2 protein chains.
Amino acid sequence: MKVSVIKNVLDANDRLAADNKALFDDKKVYVINLMSSPGAGKTTLVERTIVALQDQYKIGVIEGDIQDTCDADRVARLGIPVVQINTGGACHIDGNMVREALPTFDLAALDLLIVENVGNLVCPAEFKIGENEKVMILSTPEGSDKPAKYPLMFREAAVMIINKMDLMPYVDFNLEKAKKDALTINPKLKIFEVSCKTSGGLTGWIEWLSAQITTYKKS
Amino acid sequence: MKVSVIKNVLDANDRLAADNKALFDDKKVYVINLMSSPGAGKTTLVERTIVALQDQYKIGVIEGDIQDTCDADRVARLGIPVVQINTGGACHIDGNMVREALPTFDLAALDLLIVENVGNLVCPAEFKIGENEKVMILSTPEGSDKPAKYPLMFREAAVMIINKMDLMPYVDFNLEKAKKDALTINPKLKIFEVSCKTSGGLTGWIEWLSAQITTYKKS
């Protein structure tokens, strides 16, 4: 008797992600999958983005954490619908976790869904969730060697946000090297240099995201 | 016919790790498994530790990275035997990877083996490699919410090194909260506050490690 073998768990995930994407396209919800190391500034970027765009677009958020709800609590304070996924040990969000979270949203009423992944510069890059774009944050205290050491994340992302530019005087971060190495891996990578703490440089990111949503809605 | 199922990949890893540990105990090599988020300062701590202890102990290093050899190159400059494990996508080092690396060392001539894991605050905590102790670094720019969000790492570690204390004036890091939350998860956790950049506070860590090696050698 022939035994079926699932050769690649990623293939199975890709099918779920494609189902999610079809649903998002039907409802015209633009989705970003936001990834970074722990503590690079994902939740603060989400907060700043909501404040900048919530008069213009209806926004929802999925927060991914191994446990606890402190990031979701921060987002909820801004009056935004938010679902917390507790992965219970898993180091990334996958297509099925997002699918399970979707019934709690009124998708037809959303323009933008931000999925904040588990803090991890490795595994989340491997799992599609049905997003339009992957966006990653590199923070200056992490060091400029990160593109060379974690290439998949930089290859998969459409956008690299270099955060904590306010710390540049105090850390050894070679900005030109980080950008050059990231662009060698992914020549199409869009780069924004920001400080989520001071809000410096965020206009470029907000304008890019707004243009993406507008173009997608018309498509 | 009865079908055998490997219920837990971690059980299989535990057996390999136990084999490694038996070998280390036979040769009296004290082993630490060093873990943190990307860019928290693992390699700099390894460099400082080698410089402080290489006159007293014979030290070897295993560097774990998804790809490249830049950390191993840094260690090799100090004249220390070092092996680079390139995990090729895997987000952690496991017992088998360490086993594969061991024949390149003269274990009988080593007192201390430092294994620098892949930069990841999640998965490495799940995989034993045959170490005496797990040591983890939390750096101040990552934020003081990390123990609550990544509890397994803080539960598994014997030591938490709080690094980048020199950045305290420029980041929002609640030192007391970080320590309190970590100790709630793991009351036995030994904590050192250091700056690997300025070498501030490293004496306590070096003395602790030296005492551990001495006690182990006598056991």
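Before moving on, here are some points about what is shown:
- The listed residues are A:ILE50, A:ILE62, and the only one of them that is in a helix (DSSP H, G or I), within 16 Å of the chain's Cα centre (by Cα) and among the hydrophobic types (A, V, I, L, M, F, W, C) turns out to be A:ILE50.
- Restricting the range B:60-92 to residues that are β-branched (Val, Ile, Thr) and within 12 Å of chain A (Cβ to nearest Cβ), the residue that is surrounded by the fewest Cβ atoms within 10 Å (Cβ to Cβ): B:THR69
- Residue list for the range A:93-122, filter: among the aromatic types (Phe, Trp, Tyr) and either surrounded by 24 or more Cβ atoms within 10 Å (Cβ to Cβ) or within 16 Å of A:ASP71 (Cα to Cα) (or both): none
- Exclusive hit being touching a strand residue (DSSP E or B) at 6+ places or on another chain (Cβ under 8 Å) and either of a type in the set (D, E, K, R) or closer than 25 Å to A:GLY41 by Cα (or both), set B:LYS190, B:LYS197: B:LYS190
- A:LYS190 vs. criteria away from every other protein chain (no Cβ under 14 Å) and free of Cβ contacts under 8 Å to residues at least 60 places away in the same chain: yes
- Subset of the range B:119-138 [at the interface with chain A (Cβ under 7 Å from one of its Cβ atoms), closer than 18 Å to B:LEU10 by Cα and modelled with pLDDT of 95 or more]: B:ASN120, B:LEU121
- For the range B:31-47, filtered to residues that are outside any helix (DSSP H, G or I) and among the aliphatic types (A, V, I, L, M), the residue that is nearest to the other protein chains (Cβ to nearest Cβ) is B:ALA40.
- Answer from A:PRO147, A:PRO169 - the residue that is over 20 Å from the mean Cα position of the chain (by Cα) and of a type outside the set (A, V, I, L, M, F, W, C): A:PRO169
- Among the residues of the range A:143-167, those that are in contact with a Ser or Thr (Cβ under 6 Å, 6 or more places away or on another chain) and at negative phi comprise A:ASN163, A:MET165, A:ASP166, A:LEU167.
- Taken as a whole, the structure leaves A:LYS164 outside the set of residues that are in contact (Cβ under 8 Å) with a residue 60 or more places away in the chain, in contact with a helix residue (DSSP H, G or I) (Cβ under 9 Å, 6 or more places away or on another chain), of a type in the set (Lys, Arg) and more than 14 Å from every other protein chain (Cβ to nearest Cβ).
- Annotation note: Cβ proximity below 8 Å between a residue of the range B:139-158 that is within 9 Å of chain A (Cβ to nearest Cβ) and small (Gly, Ala, Ser) and a residue that is part of a helix (DSSP H, G or I) and surrounded by 20 or more Cβ atoms within 10 Å (Cβ to Cβ) (sequence gap 6+ or interchain) occurs for B:SER139/A:PRO141.
- Selected residue (only one of A:LEU167, A:LEU152, A:LEU183, A:LEU209 is crowded, with 21+ Cβ neighbours inside 10 Å and modelled with pLDDT of 95 or more): A:LEU209
- Figure legend. Inter-residue proximity from the range A:15-35: first residues farther than 11 Å from A:ALA108 by Cβ and in contact (Cβ under 8 Å) with a residue 12 or more places away in the chain, second residues in a loop (DSSP other than H, G, I, E, B) and of a type in the set (A, V, I, L, M, F, W, C), beta-carbon distance below 6 Å, spacing 6+ or different chains. Indicated pairs: A:ALA17/A:ILE129; A:ASN33/A:ILE129.
- Residues being among the basic types (Lys, Arg) and not in a helix (DSSP H, G or I) - total across the range B:116-151: 2
- Of all residues in the range B:128-138, those satisfying the criterion of being farther than 19 Å from B:TRP205 by Cβ and either free of Cβ contacts under 8 Å to residues at least 40 places away in the same chain or crowded, with 23+ Cβ neighbours inside 10 Å (or both) are B:ILE129, B:GLY130.
The values are calculated or read from the model by the stated rules, or taken from the named source; none is laboratory data. Just so you know, these numbers come straight off a predicted model, no measurement behind them. Note that each Cβ is placed from the backbone with ideal geometry, even for glycine, and that neighbours are counted across all protein chains shown.
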